[in-house]
Amino acid sequence: TLVRLGSVLMVVVSMLLISVVVLLRLLQIGRDQDRAQQITDERLAAIASTSLDAIIVADKAGRVIDYNTAAERTFGYSRDEAMGAKLSDLIVPPAYVEAHEIGMTRYLSTGQRRMIGKGRVRLETRDKTGRVFPVEVSISTARSDEGEIFVSFLRDISAQVKAEQDLIEARDSAVSGEKAKAKLLAVMSHEM
């Protein structure tokens with residue numbers, strides 16, 4: 001009986017030792033995964049904070065949950081002011097608030113995408129002073145602990161739009177000059 005009890009005890013101790021080894025290994029794997037996740041989070045935070053484009057992350061309710069330094073420069077709101085604020089109150093021009101709300105409601109109820117995932121789109125936005133200006137925006141969705149989130153990259157293209165307008169005006173001026181010159185030559189030729 002003692003031999004059987006001893007052998008059962010040896011089996012139980014062996015099982016306990018194996019269990020401890022397995023648990024220690026699982027603990028090490030968990031620590032490695034946590035460290036890898038921490039490194040990834042730090043990288044993403046560094047990328048977002050050093051981005052030249054404004055990055056705004058919003059939840060399904062349209063409330064800002066992340067806002068980078070470039071967004072502070074572009075829109076004039078500090079991170080503290082922006083966090084938790086509704087995008088429609090923060091950067092959407094008053095003329096487009098209703099359309100923005102309708103689009104968000106349509107997407108959340110039907111999943112129909114008009115701008116999300118469509119690449120770069122030109123829109124108008126506004127800053128803290130109320131100035132409305134053109135931006136190039138790219139919006140996509142992602143999953144998070146809070147559910148679906150919207151990640152927006154915005155770039156102020158005011159200078160580019162101004163340069164385009166200046167080129168169009170210069171072209172139109174040149175074309176009208178050429179037309180005037182052609183008309184003058186036609187009149188001179190007719191008079192001769």
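Table for the structure above
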| quantity | calculated |
| --- | --- |
| Complete set of residues in region 161-187 that are of a type in the set (S, T, N, Q) and either surrounded by 13 or more Cβ atoms within 10 Å (Cβ to Cβ) or more than 26 Å from PRO93 (Cα to Cα) (or both) | SER173, SER176 |
| Residue within region 161-173 that is in contact with a strand residue (DSSP E or B) (Cβ under 7 Å, 6 or more places away or on another chain) and under 27 Å from ARG120 (Cα atoms) present | yes |
| Residue match in region 73-81 (condition: at pLDDT below 90 and among the aromatic types (Phe, Trp, Tyr)) | no |
| Number of the condition not met by SER158 [criteria: (1) touching a residue at least 12 places away in the same chain (Cβ under 8 Å); (2) exposed (fewer than 11 other Cβ atoms within 10 Å of the Cβ); (3) small (Gly, Ala, Ser); (4) more than 25 Å from ALA61 (Cβ to Cβ)] | (2) |
| Residue match in region 164-187 (condition: part of a strand (DSSP E or B) and either among the basic types (Lys, Arg) or in contact with a Ser or Thr (Cβ under 8 Å, 6 or more places away or on another chain) (or both)) | no |
| Looking only at region 85-140, and only at residues there that are modelled with pLDDT of 85 or more and of a type in the set (S, T, N, Q), the one that is most open to solvent (accessible area, probe 1.4 Å) | THR129 |
| Tally of residues being of a type in the set (A, V, I, L, M) and open to solvent by 100 Å² or more (accessible area, probe 1.4 Å) across region 27-54 | 3 |
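The values are calculated or read from the model by the stated rules, or taken from the named source; none is laboratory data. This structure is a prediction, so every number in the text was calculated from the model and none was measured. All Cβ positions, even for glycine, are placed from backbone atoms using ideal geometry, and neighbour counts span all protein chains on display. Calculation scope for accessible area: heavy atoms of the full protein, side chains included, ligands and nucleic acids excluded. Shrake-Rupley method; radii C 1.70, N 1.55, O 1.52, S 1.80 Å.
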